[in-house]
Amino acid sequence: PHVVPAFLPVDTPVKASPAIDFAAVLGPAVRPGKEDDVAELLAALTSARQMLFWALDRDRTTVTVDDLLTRVREYARLLRGFVKPPHSKQVQAIVVLPAPAPTTTTSKQEEDEAKTVATEAAESPADEQPQQSSIDAAAAKPTEAAAPGQQQQQQQQPQVATRVETLRHAVRFTWRDLLDVKGRDWEASDVGVEEASVLLATAQTLLSRCARDLLTDASAAQTFTTLRRVAGILAEARRLADEAESVVVPGDAEEPHPKQQQQQHKDKKKSWFSSSSSSSKKKDDADTTAPTPDDDTKEHAHAPETPTLSSSSRASADLRLSLPEAWAQLALAEAQTATLRRACAQPHIEWSLIAALCSDQVQRYGSAVAGHVDALTKAAPDAANVREWAGKRFALAFLRSHVEMKTLYFSALARYCVGAPLLEKAVAETDDASCSSALAELNAAMKFHDDAGKACSRFVAAARPIAYVDDPTVALGDSAALVKRARDRALQLDASIFHRGPDAAGPSTFPEPKSLITALPLDDYPGTSPLWTQAAWDAFDRSKLEQPSFGHSGERDCCVIA
């Protein structure tokens, strides 16, 4: 079989961000005389971000995947120090809840104990009281047992809510929103959104590199591993974006109770990542829940619930919507293509294995990737600007035509891999039934190939105003010529010996899909940088930090910033 890679280029537009001088941004919030305590930390943050964007440059062909991920880890370790103090300094706040009317009066001793607790909480040192905090946990304070013989209802006791200091919203970051057709940037005062944006930019760079580099037998193994890493990177980006949406921002109208936060987290819809990238022992959703390739009427198994574009969202649209899921499924599908390339290069071809892998590719492109791409425009009826969404649909025609071309191509390849061994058997054993079945399979493969060629023309036409693509028409023609040669041999054999024609029952059902890929999770993701000492943490005056803000920052310039 002739495997056509034709990976999708995703490097236009570039996920970019302007440079940040952390010393200039956070310098005004440093307490007088504490500048030396944070000088090394702020310099390291500025340098790590600059080196990261240097490595993300598409022209840095000498930067390896490991080098790029090392830069990401170094910057992420510094970012995570903003989330909580080095020793997780906590402050207890007493919240007295209204108690039900008691059946008997409260004893004088119990009243004195309650007053003592409230007085101790009020007299806690002022430097331990956080000015910007998020609720991490809350626990009810246990009470002593009632005295023997005392018959009364137990009163509701005060709750001790634990607040943890945070600098999570200290810096305002600006990134390009890939799904904003007006070309606007997105500002977010959240280090979690910053880290998620970095991971999305890293995934974009690696996907673009795999699409740009020539897939050969020597590079297939490296490409396979890289694309699996991309899926794990995008899973972490999704987790960080979801976490940022649930964090309480200082200045919000109401802070939910910790139990409400936990319940909201449980009620969140499970994304594709939660099942396919959590463990390498579990198969992808596409392997177990996707419909059969020739059942075009069933809804794909990966159809996500349509995200909404809320004005109160903290992350940009390319993180809130299904773009990470679409790119992750695309990465796994392209990794499977590298596997197919290696399998077809072996001296002895396992036709059944290749057919099963192609069947899985049909499900991935036709169900998983296509479903997430379609979800990007589900919010179109709610858009006020019709032309804005029309422009987005035009851009997505580029994605849909690519998915359609790949679905048809792998359908043709699967049919060919079923028909080729039947033709070999017909020739070796002079079996008329095998020849008839092979002719039905190869006729179906030729039809899929013709449709794939038409979809390829639509893909190149849709891509022309958006991005440069390597036209796969010639490669598809070579694959079609291979299928045609096998079909002509079956026709010759049938016309000269068997005279049965193609099987009246038509082609058989698709082979059972088989997947050899899973995402590689970022299980070696770092902790906090040692530069975040207690002295560095205490050097910041939280009252002097800018108010957190989230939203579009206006139209972009004509040039890409990085």
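The figures follow:
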{"quantity": "Residue within the stretch 369-381 that is at pLDDT below 65 and touching a Pro at 6+ places or on another chain (Cβ under 8 Å) present", "calculated": "yes"}
{"quantity": "Test: residue 531 is open to solvent by less than 60 Å² (accessible area, probe 1.4 Å), out of contact with any Pro (no Cβ under 8 Å at 6 or more places or on another chain) and at pLDDT 85 or above", "calculated": "yes"}
{"quantity": "Extreme residue, farthest from residue 366 (Cα to Cα), among residues of the stretch 399-456 that are of a type in the set (Asp, Glu) and open to solvent by 20 Å² or more (accessible area, probe 1.4 Å)", "calculated": "429"}
{"quantity": "Counted residues, the stretch 337-355 - those being open to solvent by 10 Å² or more (accessible area, probe 1.4 Å), in contact (Cβ under 8 Å) with a residue 12 or more places away in the chain and either more than 16 Å from residue 222 (Cβ to Cβ) or not in a helix (DSSP H, G or I) (or both)", "calculated": "7"}
{"quantity": "Inter-residue pairs, beta-carbon under 7 Å, first under 16 Å from residue 437 (Cα atoms) and in the stretch 468-492, second part of a helix (DSSP H, G or I) and open to solvent by 30 Å² or more (accessible area, probe 1.4 Å), 6+ apart", "calculated": "487/443"}
{"quantity": "Residue within the stretch 312-320 that is buried (at least 24 other Cβ atoms within 10 Å of the Cβ) and part of a helix (DSSP H, G or I) present", "calculated": "yes"}
{"quantity": "Yes/no for residue 544 being surrounded by fewer than 16 Cβ atoms within 10 Å (Cβ to Cβ), of a type outside the set (A, V, I, L, M) and farther than 30 Å from residue 32 by Cβ", "calculated": "no"}
{"quantity": "Residues of the stretch 547-562 that turn out to be in a loop (DSSP other than H, G, I, E, B), modelled with pLDDT under 90 and in contact with a Ser or Thr (Cβ under 9 Å, 6 or more places away or on another chain), as a count", "calculated": "2"}
{"quantity": "Condition met for residue 36 (touching a residue at least 24 places away in the same chain (Cβ under 8 Å), within 20 Å of residue 529 (Cα to Cα), surrounded by fewer than 18 Cβ atoms within 10 Å (Cβ to Cβ) and not β-branched (Val, Ile, Thr))", "calculated": "no"}
{"quantity": "Unique match (being among the aromatic types (Phe, Trp, Tyr), surrounded by 15 or more Cβ atoms within 10 Å (Cβ to Cβ) and within 35 Å of the chain's Cα centre (by Cα)) among 510, 498", "calculated": "510"}
{"quantity": "Residue match in the stretch 463-471 (condition: at negative phi, modelled with pLDDT of 90 or more and either open to solvent by less than 20 Å² (accessible area, probe 1.4 Å) or not in a helix (DSSP H, G or I) (or both))", "calculated": "no"}
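The values are calculated or read from the model by the stated rules, or taken from the named source; none is laboratory data. Owing to the predicted nature of the structure, the values given are computational and were not obtained by experimental measurement. Every residue, glycine among them, receives a Cβ derived from its backbone with ideal geometry; neighbour counts consider all protein chains shown. SASA here: full protein model, heavy atoms, side chains in, ligands and nucleic acids out. Shrake-Rupley method; radii C 1.70, N 1.55, O 1.52, S 1.80 Å.
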